[in-house]
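Colleague: One structure coming up, written as structure tokens, with questions to follow.
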Amino acid sequence: MRALTTIVFLIISNVFMTFAWYGHLKFRDMELMKGAGLFAIILLSWGMAFFEYLFQVPANRAGFSGEGGPFNLVQLKTIQEAISLTIFMVFSVVVFKQRLEWNHIAGFVLIILAVYLIFRK
């Protein structure tokens, strides 16, 4: 159950993170944000990042073997990075209408291979 909680919280956390880090690049398209300066955008992104941490910290606590979870530190970080890149790929296609090229997909496959190697005993 802790493994599932960790993964679900990491997914939620990374959705907030992606919007905080990259979503602001679309703010200029929003009527409400057209006149916002850089400082206002930073504050808004920071506010979104706050929600990232509300899920990231409990995810790491639940998942870390030193706290009774099922994952060692390297495994926990690897899971987080794989989730982060997956969400970013979806985000870039859906929100920014980016086209995934063959090299993006090949790189992602290599990341999945890295996850496999990290978890291999």
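Colleague: Using the C-alpha gyration tensor of region 2-119, what are the square roots of 5 times its eigenvalues, in whole angstrom, with the largest one first?
Modeller: Values: eigenvalues 167, 83, 15 Å².
Equivalent-ellipsoid dimensions as semi-axes: 29, 20, 9 Å.
Colleague: With the crude spin-label approximation of a point 7 Å out along Cα→Cβ, what separation in nm comes out for Tyr22 versus Leu54?
Modeller: 2.3
Colleague: Using only the alpha carbons of region 79-121, what is the convex hull's orientation-averaged projected area in square nanometres? Walk me through the numbers before you get to the answer.
Modeller: Details: hull surface 11.4 nm².
Convex hull of Cα atoms, orientation-averaged projection: 2.9 nm².
Colleague: Could I ask something else about it? Could you tell me which chymotrypsin sites (Phe, Trp or Tyr not before Pro) in region 91-121 are loop residues by DSSP with no more than 14 other beta carbons within 10 angstrom of their beta carbon? Please report the intermediate quantities before stating the final value.
Modeller: Working: sites: Phe91, Phe96, Trp102, Phe108, Tyr116, Phe119; in loops: Phe96.
Here the chymotrypsin sites (Phe, Trp or Tyr not before Pro) that fit, given the DSSP loop and packing criteria, are Phe96.
Colleague: In the chain, with Lys and Arg counted as +1 and Asp and Glu as -1 at Cβ, which of these residues, Ile87, Gly47, Leu76, has the Cα nearest the positive end of the dipole, that is, farthest along it?
Modeller: With unit charges placed on the Cβ atoms, the residue in question is Leu76.
Colleague: Of all trypsin sites (Lys or Arg not before Pro) in region 67-117, which ones are in loop regions per DSSP and have a Cβ with at most 13 other Cβ atoms within 10 Å? Let's see the in-between values first.
Modeller: Details: sites: Lys77, Lys97, Arg99; in loops: Lys97, Arg99.
Sparse-neighbourhood loop trypsin sites (Lys or Arg not before Pro): Lys97, Arg99.
Colleague: Given Cβ point charges of +1 (Lys, Arg) and -1 (Asp, Glu) and nothing else, what value in debye, to the nearest 20, does the dipole of region 2-119 about its Cα centre take? All intermediate terms of the calculation are to be shown ahead of the outcome.
Modeller: Values: 8 positive and 6 negative charges, 20 e Å.
Here the size comes out at about 100 debye.
Colleague: To the nearest 10 degrees, how steeply does helix 2-21 sit against the main Cα axis of the chain, on a 0 to 90 scale?
Modeller: Value to nearest ten degrees: 20.
Colleague: Angle between the Cα long axis of helix 38-63 and the longest principal axis of the chain, 0 to 90 degrees, nearest 10?
Modeller: 20
Colleague: As a check on your grasp of the helix formula, calculate [θ] at 222 nm for the chain: sum -39500 (n - 2.57) over DSSP H runs of n ≥ 4, divide by the residue count, round to the nearest 500. Before the final figure, lay out the partial values.
Modeller: On the way: 4 runs with 86 residues, N = 121.
Here the helix-only value at 222 nm equals -24500 deg cm²/dmol.
Values in this text are rule-based calculations from the coordinates and carry no lab data. Just so you know, these numbers come straight off a predicted model, no measurement behind them. Because the Cβ atoms are built from the backbone with ideal geometry, glycine has one as well, and the counts that use them run over all protein chains shown.
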